[in-house]
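Please read the structure below before turning to the comments.
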Amino acid sequence: MQKPNLQLLMFRYYHFSIACFFVGLLAAGQVSPDCSSAIPICYNTPINGGTSGFANDDFNGALTTGCLEQTTSGAIESNSAWYRFRTNASGQLGFNIMHDPAEDWDFALYQATDCSNLGEPIRCNFFDNSDGNASIGVGEDPTGDQDSVQYEDWLHVEPGQDFFLLINNFSDANSGFSIQFSGTILEANPNSTLDCTIINNLLGSPIVACEPDIVTLDATTMDAFNYVWYSDVGNGFEEILGENNPTLQVSISALYRVSVMTPTENIISDVQVSFSVVPTIAVVENETYCLSGAGYDLSRKDEEALGSQSADDFFVSYYLSQQDAELGINELPSPYIPDLGTTTVFVRMSSRQNPDCYDASQNFDLFTIAPPVLGEDEEVFLCENVSTINIGEETSDPNYAYSWDTGENSSSISVSEPGTYILTATVSDGNVFCVRTRTFTVIPSAMPVISDVLVDDFSYRNTIQVVTELEGDFEYRLDDGEFQDSSIFENLLPGNYRVYMRDLNGCGVTCAPIAVVGYNSFFSPNGDDRNDEWHLLGMEYLDDPKVTIYDRYGRMIIELTANGPGWDGTFNGTALPGTDYWFKLSYKDDTGSRLEPKFFQNHFSLRR
């Protein structure tokens, strides 16, 4: 919200012609080169000044005061101006001394009640202006530069504190300056931050008004028998002929003077009256807006509202009610996030010189439409045993126009190739289009295949590992257990099992029966009672197991059962040669069907 602040003065540095005019106009009332006659500042005091030389040396020949030192003039003060103010509230306070960026200005701020005991300044800045800044001061550089050497730390003030401000210009030629107060203290106390009682003047403190208002100056004095009024518009005081009453109605910016004659004295009083132009808001057209997370940039309407008027002279603000716009309260932030549908926005345009000079006669409708609602970007897997897959939105919204980067115009499509596919949905109102996209990444995924099952057995607590040659995302399960990421199962008792392998991308499940039994990789039937027979360890845990042994030519040598003896290395009573032999295992499952477990055919050695 734009607050009426401790008004600057009132012209920006780039208005040199106006600023120079005010230097001459206000020289008598707004610039004092001596601390003893420092210009008092009230909340609505327009401070536009310029400096030329200095009068008395307020520092009595001192070499320094804070950061300021003697100049080539032999004194600290060089083209100086003095001001004073008293705080009337507590909080954070700062000020900007606005000037021509080609000039070099310095300042020192003292917390003191009189000029004879200034002490050291509490804020001081003497940096040269080699960077070409347009202001110097306390608080925050109005350009937002956080590292500006032209600015000192904020003041934290309490009511009733008195301050003296010395402003120096280091060059003989200057274009004048203006002062703008700042800080959070102004938000709660826009018209009472500074104590106006320090201004003791028959005509009161300087007056800021709006054109075409009429300001009544009142010099009524007891026992007065004559009043003479004067005005100075920049060429010196001239008498206003025919005006001899205690009051004077004025409508022109000028320095006014009254001479009041009483039987005992002649009272002379001056007051500055400044009139600011009241802006006129141009017609602001209705707007249709596509709602986004960033919100609607209300400043887009500033140019419309200003019309031919300059943003250097006026600023535009926006509100949700006519009353708020009139009062200048509850200003809408920008960007502003409106509700869906129609929101009426009320416009206020205010003078930068005097925010009380405003126009709030216009408003516009902001019609907000919502962008299309689409799901999140998604990865989709195309299984090797599936020719096509559908991607897109399951439900089509008739209010949306859909398009794919493939050229199709439906909410969903069938694809048969891996790749990236982009769906665009659009909703429109007139020339405003709300667009949202959704990306589908189609990734090939293989059916799970168990290549082998490694059994680390020959014990009653065995380990198996499922082996696959495929690249992919898989998980594994043994019998009715839970699926797990690892393909290894440990601490298995001998017996028959089913191992499952599942593709995490939904491309299927495969399983294989396995038998967990142990056996020796060799035996030596030499009659030493050590490893004289070969048999499967744990066959008793299987249902009706049978082991068939073959030689390398595929000839069956013997069939072993769980309860029978092992093989002694003979065939029909004849000792067979030492070499490798192969075996197969079969057993019955829960249904009574005979199985030959996959991945189990293996071999062992006969040693002589």
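Using the Karplus curve 6.51 cos²θ - 1.76 cosθ + 1.60 with θ = phi - 60°, work out ³J(HN,Hα) for each residue of the stretch 566-580 in order, rounded to whole Hz, and write x for Gly and Pro.
x, 8, 9, x, 10, 9, 6, x, 9, 5, 8, x, x, 6, 8
Just the accessible area per residue of the chain, please: how many Å² with a 1.4 Å probe?
On a per-residue basis, 49 Å².
Would you work out which of PHE170, VAL435, TYR319 lies farthest towards the positive end of the dipole of the chain? Charges go on Cβ: Lys and Arg +1, Asp and Glu -1.
Checking the options against the dipole of the chain, the answer is VAL435.
How large is the convex hull of the Cα atoms of the stretch 86-142 per residue, expressed in Å³ as a whole number?
Normalising the Cα hull of the stretch 86-142 by residue number yields 103 Å³.
How large, in Å, is the stretch 463-525 by the Kirkwood hydrodynamic radius built from its alpha-carbon pairs?
Answer for the stretch 463-525: a Kirkwood hydrodynamic radius of 13.1 Å.
If you average the sequence gap of Cα pairs under 8 Å that are 6 or more apart and divide by the length of the chain, what percent do you get for the contact order?
Across the chain, relative contact order equals 9 percent.
Radius of gyration and Dmax for the stretch 173-231's Cα atoms, expressed in Å?
Cα-based Rg and Dmax for the stretch 173-231 come out at 16.7, 48 Å.
Output wanted: per-residue J couplings in Hz (rounded whole) for the stretch 95-104, from phi through Karplus 6.51 cos²θ - 1.76 cosθ + 1.60, θ = phi - 60°, x for Gly and Pro.
7, 10, 9, 8, 7, 5, x, 7, 10, 10
Report the Rg/Rh value for the stretch 478-608, based on alpha-carbon coordinates and the Kirkwood definition of Rh.
1.05
What GluC sites (Glu not before Pro) does the stretch 423-496 have in DSSP loop regions with at most 15 other beta carbons within 10 Å?
Of the GluC sites (Glu not before Pro), the ones in loops of the stretch 423-496 whose Cβ has at most 15 other Cβ atoms within 10 Å are GLU469, GLU471, GLU482.
Tally Lys/Arg at +1 and Asp/Glu at -1 over every other residue whose Cβ is under 12 Å from the Cβ of TYR319; what's the total?
Charge balance in the 12 Å sphere: -2.
Tell me the Rg and the Dmax, in Å, that the Cα atoms of the stretch 128-172 produce.
13.0, 37
To the nearest µm²/s, what D does Stokes-Einstein give for the stretch 412-561 at 20 °C and 1.002 mPa s, using the Kirkwood radius over alpha carbon pairs as Rh?
Rounded, D is 107 µm²/s.
Could you calculate the contour length gain from GLU303 to ASN286, that is, 0.36 nm times the residue separation minus the distance between their Cα atoms, to one decimal place in nm?
Taking GLU303 through ASN286 to full extension adds about 4.7 nm, to one decimal.
Which parts of the stretch 542-582 would a label at ASP529 reach, counting a residue when its backbone N lies under 18 Å from a point 7 Å out along Cα-to-Cβ?
Correct set: 566.
Kindly identify the stretch 270-361 as rounded, prolate or oblate by the Cα gyration tensor criterion: order the square roots of the eigenvalues as a ≥ b ≥ c, call it rounded if a/c is under 1.5, otherwise compare a/b with b/c, prolate if a/b is larger, else oblate.
prolate
Out of the chymotrypsin sites (Phe, Trp or Tyr not before Pro) in the stretch 220-317, which ones are loop residues according to DSSP with at most 10 other C-beta atoms within 10 Å?
Sites meeting the loop and neighbour criteria: PHE225.
Relative contact order of the stretch 506-593: what whole-number percent is it, with Cα pairs under 8 angstrom and at least 6 residues apart?
Value for the stretch 506-593: 26 percent.
For a quick check: with amide H placed at 1.01 Å from N, whose amide H comes under 5 Å from THR368's, ignoring anything fewer than 5 positions away on the same chain?
The list, which skips near neighbours in sequence, is TYR289, GLY341, THR342, THR343.
If amide hydrogens are placed 1.01 Å from N in the peptide plane, which non-local residues have theirs closer than 5 Å to the one on CYS434?
Here the answer is VAL427, SER428, ASP429, since their amide H atoms fall under 5 Å of that of CYS434.
Of (1) 1.41; (2) 0.98; (3) 1.03, which one was derived for Rg/Rh (Cα atoms, Kirkwood Rh) from the structure shown?
The value computed from this structure is option (1).
Please list the radius of gyration and Dmax for the stretch 569-608, considering alpha-carbon atoms only, with Å as the unit.
14.4, 42
In whole Hz, with x marking every Gly and Pro, tabulate ³J(HN,Hα) for the stretch 357-363 from phi via Karplus 6.51 cos²θ - 1.76 cosθ + 1.60, θ = phi - 60°.
Values, residue by residue: 8, 8, 10, 10, 9, 10, 8 Hz.
What does the charge dipole of the stretch 187-305 about its Cα centre add up to, to the nearest 20 debye, if the Cβ of each Lys and Arg holds +1 and the Cβ of each Asp and Glu holds -1?
160 debye
Please name which of SER387, PRO142, LEU493 has its Cα lying farthest along the dipole of the chain towards the positive end, using unit charges on Cβ (Lys, Arg +1; Asp, Glu -1) and the Cα centre as origin.
LEU493
For CYS35, what charge total do you get from the other residues with a beta carbon under 11 Å from its beta carbon, if Lys and Arg give +1 and Asp and Glu give -1?
Numbers: positive: ARG84; negative: ASP34, ASP57, ASP58, GLU77, ASP114.
Combined, the nearby Lys, Arg, Asp and Glu give -4.
How far apart, in nanometres, would the label points at ASN390 and VAL467 be if each is projected 7 angstrom from Cα along the Cα-to-Cβ direction?
If labels sit at ASN390 and VAL467, their model points lie 4.2 nm apart.
Order the following by accessible area, largest value first: LEU470, LEU340, LEU186. Probe radius 1.4 Å; ligands, DNA and RNA are ignored.
From most accessible down to least: LEU340, LEU470, LEU186.
Setting aside same-chain residues fewer than 8 positions from LYS301, which aspartates and glutamates have a Cα under 20 Å from its Cα?
Straight-line reach from LYS301, under 20 Å: GLU285, GLU287, ASP312, ASP313, ASP324, GLU326, GLU331, ASP339, ASP359, ASP365, ASP429.
For a label point 7 Å from the Cα of THR510 along Cα→C-beta, name the residues of the stretch 467-493 whose backbone N is under 15 Å from it.
467-477
On the protein heavy atoms, probe 1.4 angstrom, tell me the percent of accessible surface of the stretch 182-335 carried by carbon and sulfur.
Reported share for carbon and sulfur atoms: 49 percent.
Hey, got the dipole for the stretch 325-417? About the Cα centre, +1 on K and R Cβ, -1 on D and E Cβ, debye to the nearest 20?
680 debye
Tell me the label-point distance for the pair VAL449, HIS156, using the 7 Å Cα-to-Cβ offset, in nm and rounded to one decimal.
7.5 nm
Expressed as an acute angle from 0 to 90° and rounded to the nearest 10, what is the orientation of the C-alpha long axis of helix 16-30 relative to the principal long axis of the chain?
Between helix and principal axis, roughly 50 degrees.
Show me 376-384, 102-110 ranked by packing, highest mean number of other Cβ atoms within 10 Å first.
102-110, 376-384
Show the residues, 5+ positions off or on another chain, whose built amide H is closer than 5 Å to the amide H of LEU560.
Residues meeting the criterion, in which the H sits 1.01 Å from N, are VAL547, THR548, ILE549.
Chymotrypsin sites (Phe, Trp or Tyr not before Pro) within the stretch 513-608: which are DSSP loop residues with at most 16 other Cβ atoms inside 10 Å?
For chymotrypsin sites (Phe, Trp or Tyr not before Pro) across the stretch 513-608 that sit outside H, G, I, E and B with at most 16 neighbouring Cβ atoms in 10 Å, the list reads TYR553.
Only helical DSSP H runs with n ≥ 4 go in: add -39500 (n - 2.57) per run for the chain, normalise by residue count and round the 222 nm mean residue ellipticity to 500 deg cm²/dmol.
-1500 deg cm²/dmol
Nearest 20 debye, what's the magnitude of the dipole of the stretch 401-495 about its Cα centre given +1 on Lys and Arg Cβ and -1 on Asp and Glu Cβ?
So the dipole magnitude of the stretch 401-495 works out to roughly 520 debye.
Give the average over all directions of the projected area of the C-alpha convex hull of the stretch 78-232, one decimal, in nm².
Its average projected convex-hull area is 12.7 nm².
The values are calculated or read from the model by the stated rules, or taken from the named source; none is laboratory data. This one's a predicted model, so the numbers in the text were calculated from it and none came from an experiment. Cβ: placed from backbone, ideal geometry, glycine included. Neighbour counts: every protein chain shown. Surface accessibility is based on the protein's heavy atoms, side chains included, excluding ligands, DNA and RNA. Shrake-Rupley method; radii C 1.70, N 1.55, O 1.52, S 1.80 Å.
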